[in-house]
Amino acid sequence: MKNTKKIMIVEDDSSISEMYKIKFEKEWFEVLVCENWLQSLSKIVDFRPNIILLDIMMPQMDWFEVLKAIKELTTTFSKTKIIIFSNLNSSKDIEKWLLYWADDYILKAQVTPKELIEKLQKYI
Amino acid sequence: MEKRLLNQYTTIIEKANIVSKTDVRWIIIHVNDKFCEVSWYSREELIWKPHNYIRHPDMPKELFKDLWNTIKVKKQIWQWIIKNKKKDWSSYWVQSFISPILDDKWNIIEFVSVRTDITDLYITKDKLEQSIFKLQELDQKKSDFLNIASHELRTPMTIIKWYISMLIDWDIWKVDKEARLYLEKIFNNVKWLLNLINDMLDISKIEAWKIWFFYEYFNLNEFIDNLLPSLKTLALEKKVEIVVNINYNNLIIYSDKSKLSQLLNNIISNAIKFTPNNWKIEFNSYLDEDKIYFNIKDNWIWISKKDLSKIFEKFWQVRNSLTRDIWWTWLWLPIVLWILKEMWWELTVKSRLNKWSEFMFYLPL
């Protein structure tokens with residue numbers, strides 16, 4: 001295995017998270033899928049991901065609160081990158097706010113698997 | 001002389017309206033023919049009866065308190081729409097005016113009531129209100145359906161697109177050349193389908209007023225430079241040339257970047273889609289006084305003059321006259337039009353069937 005990097009996927013739709021998992025494992029990532037924020041928060045310290053891929057359509061807690069919590073958890077031990085992966089393209093204001101806590105914002109519909117990997121490679 | 005005039009006034013009033021008189025105790029002392037005709041009571045059945053004899057039990061008591069207060073205490077004319085009952089207990093609606101008749105010492109002598117039968121109008125109004133309510137409900141259901149359907153369609157489409165794209169990226173010895181070609185065709189159509197679904201979502205958002213605008217200052221030349229490469233790639237696949245003419249430099253404008261890019265992307269990519277191979281598309285943008293004009297012209301066209309007014313209707317389908325069998329659904333045009341309208345921009349479309357078509361819009365500086 002060459003340069004194993006850890007990625008945490010937070011996505012409530014298992015058919016979608018499975019599809020990411022397959023692609024990322026092909027690209028030598030170690031993948032952990034979380035179905036929701038709470039699961040993700042409880043596993044961050046143990047898993048120590050290099051990248052967290054967040055789907056923000058999930059209707060749980062307040063986005064900013066969660067992002068803040070994740071950010072605070074991860075800065076204590078490593079330079080984890082938080083990437084928001086979403087189809088929510090309605091408001092630039094929201095995007096700006098999210099980017100205050102997150103490192104990138106990628107629109108789901110606009111990237112192919114190959115392009116997503118290329119973007120992620122930049123962060124590790 | 002005065003008496004003769006008065007008689008004539010009375011005749012016309014009695015001919016046109018339901019008229020009745022009561023004494024101060026509210027006992028009927030006069031009814032005209034029209035009253036008998038509408039209420040189906042004979043004159044004998046009504047005279048000396050209290051006036052509430054014909055009152056419909058549906059009418060609220062408070063209303064009659066107000067009536068008494070107006071005509072007896074304030075000694076003014078009272079008016080309202082009232083439901084009355086006929087002899088067979090069926091009902092009729094009247095626009096009523098009731099007035100006290102006063103002597104020179106301001107004492108009430110009697111009451112006169114003049115009414116117009118508006119039953120037909122009232123029933124029609126009732127029916128219309130009901131059907132408007134029903135239509136609003138249906139419209140809401142349609143919007144909800146559109147929204148839910150497009151949301152639900154998007155996830156499986158995204159997954160299909162993802163796996164096809166993984167297959168295309170596979171090593172050359174795993175997927176042979178022919179299979180790859182077919183996969184690419186599937187991929188392009190899935191992409192097109194996803195765009196349609198996104199357009200559908202946009203439309204339902206427009207209907208629910210859930211689209212926001214974000215205005216900012218930006219360099220229009222840089223913006224166009226960033227926009228063109230992906231469109232040129234698309235054009236290259238079809239061997240279509242995009243000729244660009246811009247007559248300004250480093251122009252800073254205040255607008256919504258993402259909406260402007262949605263507009264131009266929509267118009268240009270559709271121009272590419274409908275232009276046959278080896279033709280060209282012109283994209284002109286120029287500054288004229290206080291307006292920036294955008295003008296997209298392609299060399300082949302799908303809109304006949306008589307269809308021009310129809311193209312902004314939702315779900316209007318246009319028959320591609322070259323490939324006869326294909327119908328395109330135009331979801332993007334109403335979206336384009338909506339964005340333009342919200343931003344106070346104007347769009348004009350000109351077209352000569354099978355020759356050219358031209359989309360032009362401008363934004364004020």
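The values are calculated or read from the model by the stated rules, or taken from the named source; none is laboratory data. Predicted model, so just to flag it, every value in this text is computed and none were measured. Note: ideal-geometry Cβ built from the backbone for every residue, glycine included; neighbour counts use all protein chains shown. These accessible areas exclude ligands, DNA and RNA; they are computed on the full protein's heavy atoms, side chains included. Shrake-Rupley method; radii C 1.70, N 1.55, O 1.52, S 1.80 Å.
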Response to the item:
Selection from the stretch B:269-295 of residues open to solvent by less than 30 Å² (accessible area, probe 1.4 Å) and within 20 Å of residue B:219 (Cα to Cα) yields B:283, B:284, B:285, B:292, B:294, B:295
Worksheet, complete the sentence: Taking the stretch B:41-83 and the residues there that are part of a helix (DSSP H, G or I), open to solvent by 30 Å² or more (accessible area, probe 1.4 Å) and touching a strand residue (DSSP E or B) at 6+ places or on another chain (Cβ under 8 Å), the one that is modelled with the lowest pLDDT would be B:53
Fill in: Selection count where residues are at pLDDT below 75, touching a strand residue (DSSP E or B) at 6+ places or on another chain (Cβ under 8 Å), of a type outside the set (Lys, Arg) and open to solvent by 50 Å² or more (accessible area, probe 1.4 Å), scope the stretch B:347-363
1
Worksheet, complete the sentence: Taking the stretch A:5-26 and keeping residues open to solvent by 60 Å² or more (accessible area, probe 1.4 Å), modelled with pLDDT under 90 and of a type outside the set (Lys, Arg) leaves A:12, A:14
Worksheet item: What number of residues within the stretch B:84-95 are touching a residue at least 12 places away in the same chain (Cβ under 8 Å) and assigned to a loop (DSSP other than H, G, I, E, B)?
Response: 3
Worksheet item: Filter the stretch B:1-40 for residues that are open to solvent by less than 60 Å² (accessible area, probe 1.4 Å) and part of a loop (DSSP other than H, G, I, E, B); which is modelled with the lowest pLDDT?
Response: B:26
Item to complete: Search the stretch A:5-20 for residues that are more than 8 Å from chain B (Cβ to nearest Cβ) and pair each with any residue that is among the basic types (Lys, Arg) and outside any strand (DSSP E or B) when their beta-carbon atoms are under 8 Å apart and the residues are at least 6 apart or on different chains.
Response: A:6/A:48; A:8/A:43; A:9/A:21
Worksheet item: Does the stretch B:108-120 contain at least one residue that is among the polar types (S, T, N, Q) and assigned to a helix (DSSP H, G or I)?
Response: yes
Item to complete: Go through the stretch B:126-180 residue by residue and tally those that are away from chain A (no Cβ under 14 Å) and either over 20 Å from residue A:113 (Cβ atoms) or basic (Lys, Arg) (or both).
Response: 27
Item to complete: Tell me which residues, restricted to the stretch B:140-176, are among the aliphatic types (A, V, I, L, M) and either within 22 Å of residue A:18 (Cβ to Cβ) or surrounded by 16 or more Cβ atoms within 10 Å (Cβ to Cβ) (or both).
Response: B:146, B:153, B:157, B:159, B:160, B:164, B:166, B:167, B:168, B:175
Worksheet item: Hey, among B:254, B:248, which residue is free of Cβ contacts under 8 Å to residues at least 60 places away in the same chain, over 30 Å from residue B:277 (Cβ atoms) and assigned to a strand (DSSP E or B)?
Response: B:254
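Table: residues versus (1) touching a Gly at 6+ places or on another chain (Cβ under 9 Å); (2) open to solvent by less than 30 Å² (accessible area, probe 1.4 Å); (3) away from every other protein chain (no Cβ under 14 Å); (4) modelled with pLDDT under 85.
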{"position": "A:31", "(1), (2), (3), (4)": "no, yes, yes, no"}
{"position": "A:46", "(1), (2), (3), (4)": "no, no, yes, no"}
{"position": "A:57", "(1), (2), (3), (4)": "no, no, no, yes"}
{"position": "A:61", "(1), (2), (3), (4)": "no, no, yes, yes"}
{"position": "A:65", "(1), (2), (3), (4)": "no, no, yes, yes"}
{"position": "A:69", "(1), (2), (3), (4)": "no, no, yes, yes"}
{"position": "A:80", "(1), (2), (3), (4)": "no, yes, yes, no"}
{"position": "A:117", "(1), (2), (3), (4)": "no, yes, no, no"}
